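Everything below concerns the one structure shown next.
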Amino acid sequence: MTGNFPYLVVGILFVMGFIGIVFEKNLMKIAIAVSVVEAATNLFIITLGYRSGGSIPVWTMAGSGSSRMVLPTPQALTLTAIVIGLATTALMLSFAMSIYRHYGSLDVRDVRRLRG
Amino acid sequence: MIEVLHLSILVTIVVSGFLTIWFRNLLSSVISLAVLSLFISLEFFFMQAPDVAIAEAGIGAGLSTAIYIIALRACGRKQFRKEGER
Amino acid sequence: MKARILFLVSILVVGGLLWSGLQAVHPFGEPNAAPMDDYFIANAQSEAAANNVVTSIVFDYRGFDTLGEGAVLFTAVISVAALFRKRGQH
Amino acid sequence: MSWQVHLPALLLAVPLLGAFLAPLTALGGKGLRNTWFVLVSAAFTVIAFLLWTRVGSTGTAIYVMGGQGWNLALPSGMSIPVRILMEVDAFSAFMVLLSAVAALAGALFSIAFMDRFSGLEKFVALYFLMVTGMFGMEITGDFFNFFVFLEISSVASFGLVAFWRDRGEALEAAFKYMLVSTLGALMVLVAVAFLYSKYNVVNMATLGKVIEWGMVEKTALVLFLTALAMKCGAVPMHMWMPDAYAEAPAGVTCALIAVSQASLYGLFRVTYTIFGAFMGSPVIPWVIIVLGVLSMFIGVSMAVIQKEVGRLIAYHSVSQVGYMLLGFGVGLLALSDARAMAEYGFTALKGGIYHIVNYTMYKGLLFLSAGALYYATGCRNLNDMGGLGRKMPKTMVLFMIAAAAIAGLPPFNGFVSKLYLYESTFAVHPILAVFAMVTSVLTLASFVKIFQTAFLGPALKKFENVREVPGTMLIGMSVLGVAILALSLFPTWSVNHLVEPAAKALVDQASYVGAVFAASLTGGGL
Amino acid sequence: MNPLSVVARTVCNLFAWFLAVFGIYVIVHGHLTPGGGFQGGAVVATFMAFLLVAHGGRKMQSWVRKELFTLMECIGLTVFISAGLLGMSNTFFFNFLAKAGGLFGSTVPLGPNPGALNTSGTIALMNLSVGLEVVGGLSMILLYMFSGVHPEEPFGREETGHDR
Amino acid sequence: MWDQILTGFGYWDVYAWISFFLIAGGMVFLIRSLGRKDYKQGSDQDEIFFGSNPVPEDGEDLKVPASSAYWGYTQALKPFYDVLVGFHTGIATDYAGWYILVTALVALLILL
């Protein structure tokens, strides 16, 4: 019944994140949009690894007689991607805070001393 | 039944993602982002990925929201003079 | 203004690119044959002696990635600390 | 076998360990920190050199992370590798050697250059992390691992670009760099996920073996191509590059160049080794060639009108990257055609690879001498400078060497790689060679401008107290200066020993793939 | 940030300690149940965030020192990479403790089973070290970003080395 | 002995260039030695001629600033440079926008 609906959700999240990155003017909002794209990427990778009817890839909780597990590699990759996403988010917000200290503004149209 | 729940979670993800971009107010936007993370972590539970779900709930919904709110506090008021710039 | 319309169109084109790519991957819930993942599921207990297959991938089969991940977190922490360091702090 | 099989792992473990322990060196004070900085830098340079000689003598080196044996790529009963592989062929080893030399020079330079600033143990840690990321990108044989190292090097370079956090411009440059770079890295991850979904494998060699040409692969190729081209600064995605290069501390910029070369390495590993079989259609090669020509021309045009030293040189980076993209694009165009490959493709490829080594050396030296000017005078605007040649003669000589090399004046090495590029691109289309030559002329013009306004001219009163920079900075600059002179005086040696093996390894997709599958046939164990 | 009211502080204290215990459980049982060093570390760091919100930054900074977290982080990562280097008799990151007897060296039966804590070799060790690193790192990020909200010094020329 | 690199069309020989420079340098010295013998350093022969005005003390007033270099070149190509400088807006979101634009272009080229 769900069909390829999760893929559609991933695609919509990507496009919304891109629109946020390109058209927002506030540095903090841009960071939020980057977070949305990160969330979309994580959702995408996990979605790729789902096997319908599969069980958790943990033998402790798998229940007896279950041989069909969902793919474990995407989960390991996503775990890495989530922590990397947190690291970049924290750094980007720190930059935004420091830029606010120097420029007194978070607007990208004010933060453009380097140009030409 | 479980399919309906799954679909409604996916719809909530889209709606909260849209609201995250849509809100002008930064604090509302951050809260929407936390909701987005929370529902994505629920979606991970549905896709049998509890490892990632715990990570997403702890990091995405908990910590990064805290970091965002700290950053918003630093930028909310005009408290630094502009003359100090080089 | 012209550039912004161009950007909007290009975002939609990139969305179309991703969408067409997503159409070409396997349907949701029915992945292709997965020899690597089946190997992990079958051998995580005998090789890495861990019940949690994901943890055995994260720390054994792809342990080096995890070191890199820890290094990214470390890098971000050091960068934030360098950004907010006190004056004259060595 | 000997301990030398562990060199790929050591190459990454040594700088990582150096970075993890660097914050603790704050306990031992300045001397301990500087000693640690130099020791670890020297250690990874030595390891890189040993790795290069080993690959030169015994062929492609394989290392299985966490396997029973270092060469047990395929576990029993499997036809694909499941663990992370490090795969070092001649091209990777060449890039590693190059990056190590640039990083060593930057480290030696930074000791005295950064001495007046605070938080230096953090600087050391970030520097080593950036070096690790760049080495990892160059020697890994696994796509997800490539993404992780791309992130390490990117995040470390954001921190380093913003290290002078009291300059608003530095923070601005870091933010801009970070925005595009994070986006590009995410797209790389999406591309890796696409490839994973189709083939259930993230190993590069295996992908090169099993890949077919379909919708998923096209999507992945587009995402890889633009993300990595952005990371190495192709026009019109280059705007972060002058910002970041000009605002970072000079020693860091020297290593940042090597980082962008690592992205270039990734781009050509993807296009040549993974997708090389599908380059029969000329679309992708022409995209790369057009990006290269645009980068060359627009980069150098913008450089001519710049007023800041760092920004001027950084715009030249854009144009020099264009040369490499041009050379590699022409090589890619000829990849599936043996006759064209022999006629001009291989020459273009050699030109591109030779340009990588030349570019890393002289551009690093240029940034270091710009940093020396900043260290001595405290200003970065060319309008404020003048008459420094008498005060800083050694810096001036080193700058002259680098400027003559980049402008392609004979007898320096810059001309050799450009000669290769002119003659091979002329065979494809004459207009490409014309663009390359015009770019070369404008390059010379803008370096004459720097030389004339900064070093020549009447002595200025405000620079009366300016002295020559300290010895360690001069040593760091001399490492690159000596390298440039050696490359200039022994062109045959460098072509035969550095460039040709790398070019052959890049073209030879079968041996890159075969190394993984052949090594495991000999069985595990030591 | 100012401390919250007494009621809120008490509730936060209560929940925070539950979080800490749960996080440590997740770290230690990483190879048996869903979780591991990163997840558990993130949960413990959320405990830090709770305390920070409830009690305010000034009080928090008087309780803990940033150097402690730096030390935790460096030690965690060094143990992690050393566990990799010790496997160098075979390869880097070889799981040399698995099925070798001793602590963490037991074998596990195949198929679904409840599992035992002393299995999985270096995985358990790496879980602990990564947990240590993540707790230290995330708390450092929180504390440093918090100290950036209200910098003690007025903003000005913070470095003195730009010109002579 | 002779370090030559063949490119397929021509060759590169660094020692030929070095010997050329040596010979050229020798000729320069030869020509220089044919010059006037009555030049003395420190006398008013090496005074700067500043349009018969007094020479300023500080070099600041003498030197040509960098922005004046290639004035004619930039003036002649002004339309080109106006477009080019306008293209480098310095707005962070535009950087991302150009990246996405190039991705879209390459995607169209490959997929069509």
Output the number of residues of the stretch A:1-36 satisfying the condition of being away from chain C (no Cβ under 11 Å) and either open to solvent by less than 20 Å² (accessible area, probe 1.4 Å) or within 21 Å of C:Val9 (Cβ to Cβ) (or both). 12
With the condition being closer than 30 Å to D:Trp286 by Cα and within 14 Å of chain A (Cβ to nearest Cβ), I'd like the helices (runs of 4 or more DSSP H) fully within the stretch F:7-112 carrying at least 2 qualifying residues. F:78-87, F:92-111
Reported set for the stretch B:18-39 where residues are buried (at least 19 other Cβ atoms within 10 Å of the Cβ) and closer than 14 Å to A:Ile12 by Cα is B:Thr20, B:Ile21, B:Leu36
Looking at this structure, is A:Ala76 assigned to a helix (DSSP H, G or I), facing chain C (nearest Cβ under 8 Å) and either more than 16 Å from C:Val53 (Cα to Cα) or open to solvent by less than 10 Å² (accessible area, probe 1.4 Å) (or both)? yes
Per the filter on the stretch E:36-70, residues without any contact (Cβ under 8 Å) to a residue 60 or more places away in the chain and charged (D, E, K, R) are E:Arg58, E:Lys59, E:Arg65, E:Glu67
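Quick grid of which residues meet (1) open to solvent by less than 80 Å² (accessible area, probe 1.4 Å); (2) at pLDDT 85 or above:
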residue	(1), (2)
F:Gly25	yes, yes
F:Phe29	no, yes
F:Tyr39	no, no
F:Asp46	yes, no
F:Ala69	yes, no
F:Thr74	yes, yes
F:Leu84	yes, yes
F:Tyr99	yes, yes
F:Ile110	yes, yes
Residue check, C:Ala71 within 8 Å of chain D (Cβ to nearest Cβ), surrounded by fewer than 24 Cβ atoms within 10 Å (Cβ to Cβ) and out of contact with any Lys or Arg (no Cβ under 9 Å at 6 or more places or on another chain): no
The listed residue being within 22 Å of the chain's Cα centre (by Cα), crowded, with 24+ Cβ neighbours inside 10 Å and either more than 20 Å from A:Ser55 (Cα to Cα) or not polar (S, T, N, Q) (or both), out of C:Thr66, C:Thr55: C:Thr66
Residues E:Gly35, E:Gly41: which one is assigned to a helix (DSSP H, G or I) and either under 15 Å from the mean Cα position of the chain (by Cα) or surrounded by 21 or more Cβ atoms within 10 Å (Cβ to Cβ) (or both)? E:Gly41
Collect the residues in the stretch D:258-315 that are charged (D, E, K, R), in a helix (DSSP H, G or I) and open to solvent by 10 Å² or more (accessible area, probe 1.4 Å), keeping them in residue-number order. D:Arg311
If you take just the helices (runs of 4 or more DSSP H) that sit entirely in the stretch B:3-86, which of them hold at least 1 residues that are more than 18 Å from A:Val83 (Cα to Cα) and modelled with pLDDT of 85 or more? B:26-46, B:64-76
Please go through (1) open to solvent by less than 30 Å² (accessible area, probe 1.4 Å); (2) farther than 22 Å from C:Ala76 by Cα; (3) under 15 Å from the mean Cα position of the chain (by Cα); (4) not hydrophobic (A, V, I, L, M, F, W, C) for E:Tyr25 and return the number of the only condition it doesn't satisfy. (1)
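Here is a yes/no grid of residues against (1) in a loop (DSSP other than H, G, I, E, B); (2) without any contact (Cβ under 8 Å) to a residue 40 or more places away in the chain; (3) within 13 Å of chain D (Cβ to nearest Cβ):
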{"site": "E:Thr91", "(1), (2), (3)": "yes, yes, yes"}
{"site": "E:Val108", "(1), (2), (3)": "yes, yes, no"}
{"site": "E:Asn113", "(1), (2), (3)": "yes, yes, no"}
{"site": "E:Val135", "(1), (2), (3)": "no, no, no"}
{"site": "E:Met140", "(1), (2), (3)": "no, no, yes"}
Take the conditions open to solvent by 10 Å² or more (accessible area, probe 1.4 Å), facing chain D (nearest Cβ under 10 Å) and either at pLDDT below 90 or on the phi < 0 side of the Ramachandran plot (or both) and apply them to C:Pro31. Does it pass? yes
Looking at the stretch C:34-52, which of the residues that are more than 7 Å from every other protein chain (Cβ to nearest Cβ) and open to solvent by 30 Å² or more (accessible area, probe 1.4 Å) is nearest to E:Gly87 (Cα to Cα)? C:Glu47
Taking interchain pairs and intrachain pairs at least six residues apart, which have beta carbon atoms under 6 angstrom, with the first residue in the stretch F:9-35 and closer than 16 Å to D:Val495 by Cβ and the second assigned to a helix (DSSP H, G or I)? F:Phe9/D:Glu423; F:Trp12/D:Val416; F:Trp12/D:Leu419; F:Val14/D:Pro491
Condition test on D:Val321, is it under 14 Å from the mean Cα position of the chain (by Cα) and buried (at least 24 other Cβ atoms within 10 Å of the Cβ)? yes
Considering each of D:Leu27, D:Leu17, D:Leu32, D:Leu21 in turn, give the residue that is within 14 Å of chain E (Cβ to nearest Cβ), among the hydrophobic types (A, V, I, L, M, F, W, C) and either assigned to a loop (DSSP other than H, G, I, E, B) or over 30 Å from C:Arg62 (Cβ atoms) (or both). D:Leu27
Qualifying positions in the stretch D:185-244 - aromatic (Phe, Trp, Tyr) and either more than 10 Å from chain C (Cβ to nearest Cβ) or part of a loop (DSSP other than H, G, I, E, B) (or both): D:Trp213, D:Phe224, D:Trp240
Go through the stretch D:454-485 and give me each residue that's part of a loop (DSSP other than H, G, I, E, B) and open to solvent by 60 Å² or more (accessible area, probe 1.4 Å). D:Leu456, D:Glu464, D:Asn465, D:Arg467
First in the stretch D:48-67 and without any contact (Cβ under 8 Å) to a residue 12 or more places away in the chain, second anywhere and open to solvent by 10 Å² or more (accessible area, probe 1.4 Å), Cβ under 9 Å, 6 or more apart: D:Thr58/D:Gln4
Those residues of the stretch D:370-409 which are facing another protein chain (nearest Cβ under 10 Å), over 24 Å from D:Val252 (Cα atoms), assigned to a loop (DSSP other than H, G, I, E, B) and more than 24 Å from the chain's Cα centre (by Cα) amount to D:Gly386, D:Gly387
Being more than 18 Å from the chain's Cα centre (by Cα) and polar (S, T, N, Q) is the filter here; which residues of the stretch D:95-141 pass it? D:Ser110, D:Ser118
Any residue in the stretch D:168-180 that is open to solvent by 10 Å² or more (accessible area, probe 1.4 Å) and modelled with pLDDT under 90? yes
Contacts under 8 angstrom Cβ, first residue in the stretch F:61-72 being farther than 13 Å from D:Ala454 by Cβ, partner of a type in the set (Val, Ile, Thr) and open to solvent by 50 Å² or more (accessible area, probe 1.4 Å), 6 or more apart: F:Leu62/F:Ile48; F:Leu62/F:Val55
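Do you know which residues across the stretch D:424-446 are open to solvent by less than 40 Å² (accessible area, probe 1.4 Å) and more than 24 Å from D:Leu312 (Cβ to Cβ)? Working first, answer last.
Looking only at the stretch D:424-446, we keep the residues that are open to solvent by less than 40 Å² (accessible area, probe 1.4 Å), and these are D:424-425, D:428, D:432-433, D:436, D:439-440, D:442-443, D:445-446.
Residues satisfying the conditions are D:Ser424, D:Thr425, D:Val428, D:Leu432, D:Ala433.
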Going through (1) in contact (Cβ under 8 Å) with a residue 12 or more places away in the chain; (2) under 30 Å from D:Ala93 (Cα atoms) one by one, D:Phe415 fails only at (1)
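The values are calculated or read from the model by the stated rules, or taken from the named source; none is laboratory data. All values derive from a computational prediction rather than experimental measurement. Positions of Cβ are backbone-derived with ideal geometry, glycine not excepted, and every protein chain shown enters the neighbour counts. Ligands, DNA and RNA are stripped out before the accessible areas are found, and what is left, the full protein with its side chains, is counted by its heavy atoms. Shrake-Rupley method; radii C 1.70, N 1.55, O 1.52, S 1.80 Å.
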